[in-house]
Structures are given as C-alpha cells and as structure tokens.
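Taking it in order: structure first as structure tokens, then the write-up.
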Amino acid sequence: MLTEHQDSESYQSEIIRLKNKIYNISKSNINSQKILEEKYTIQIEQLKQENYQLRKAIQEYEEYKLKSESYYEEVNKTLVVAKAKLQELHEKNQFLEKCNSELESKYKDTKSLLSIMVENNNCISNYSKDIPINENKSCLLGKFDTNSITI
C-alpha cells in the first residue's frame, strides 16, 4: 500500500506539475495571442490607411481624368472653330488679293488711258493754237468716246 500511496502522490504531483505547465502554457499563449492581436491590429490599421490613401489617389486620378477629357474636348472644339475662322480669313484674303489685282490692272489701264489722253490733249492743244475754238471742240468729241472708258 505504501507503494500505491507513493505512486498516487507521485501521480498527484505529476498532475499538479502538468496542470501548472498547462496553465503557464495557456498564460503564455494568451500573452502571445495578445501580442499577435496587437501586432496584427497595427498592421490592419496601416493597411486600412494605405487602402484609404490609394482610394483617395484613385478618386483624384478619376477626377483629374474627367477634367482632362473635358479640357481636351474644349480645346478641340476651340481648335475646330479657330481652323474654320482661319480658313474663312484665308478665303477672304484670297478674294481681297484677287480684287486688289483686278484694281491694280484697272489702275494701270486707267493710267495708260490717262497718259494717252494727256498726250492727245497736248498734241491737240499744240495743234489747236492755229485752229478756231469751234473746230477744236468737235475734234475732241470725235476722238474720245466717254462711254468706253471704264474704271
């Protein structure tokens, strides 16, 4: 019986020792779990903050993209209008150059007619010094047709 009693005490002490070991392990596990929870909680908060920053950056990018597209469309519309106005001005310039060329041609024709008339007038006035006035008038009217002169 003594051996049984000793064995029983030995088992009892082993049980107590194992219970203490289990308690210490569970206490250690609880402490480790708390430390892990704190560590992962901090990491989760950091990831949440990074996620928030990324979402904010994405939103800002989307807003910038929309504004850029709107600006691009507005610039294109302005360029189309400017191109049309430039084309219109180019056509007006060509028209004015053509008119100017025609006017220069008419000016040269008129100038040459005027110089011919001046020469004829000089010639007639030199000739008419000897001719009476009535004949001089009919001579001038006979030589020039005022309806044929165009400017």
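Model label sites at ILE35 and ILE124, defined 7 Å from Cα along the beta-carbon direction, differ in position by 12.9 nm.
Couplings 3J(HN,Hα) of segment 31-38, computed from phi: 4, 5, 5, 5, 4, 5, 4, 4 Hz, in residue order, whole Hz [Karplus 6.51 cos²θ - 1.76 cosθ + 1.60, θ = phi - 60°; x for Gly and Pro].
Centre-to-centre separation between the Cα atoms of segment 28-56 and those of segment 90-123: 93 Å. In sequence order, segment 69-75 has phi-based couplings of 5, 5, 4, 4, 5, 5, 4 Hz under the Karplus curve 6.51 cos²θ - 1.76 cosθ + 1.60, θ = phi - 60°, and Gly or Pro positions carry x. Taking 27 Å as the straight-line reach from the Cα of LYS65, the lysines in range (excluding those fewer than 8 positions away in the same chain) are LYS48, LYS56, LYS77, LYS83. Residue separation of LYS67 and LYS85 scaled by 0.36 nm, minus their Cα-Cα distance, works out to 3.8 nm of gained length. Length, then width, then depth: along the principal axes, the Cα atoms of segment 1-128 run 181, 18, 15 Å. Expressed as a fraction of 2.2 N^0.38 Å, the C-alpha radius of gyration for segment 70-114 is 2.05. For segment 40-108, applying the loop criterion from DSSP together with a ceiling of 16 other beta carbons within 10 Å to the GluC sites (Glu not before Pro) yields no site.
Taken together, the values in this text are just the output of simple stated rules run on the coordinates, not laboratory data. None of these values were measured; they are calculated from a predicted model. For neighbour counting, all protein chains shown are included, and Cβ atoms are generated from backbone atoms with ideal geometry for every residue, glycine included.
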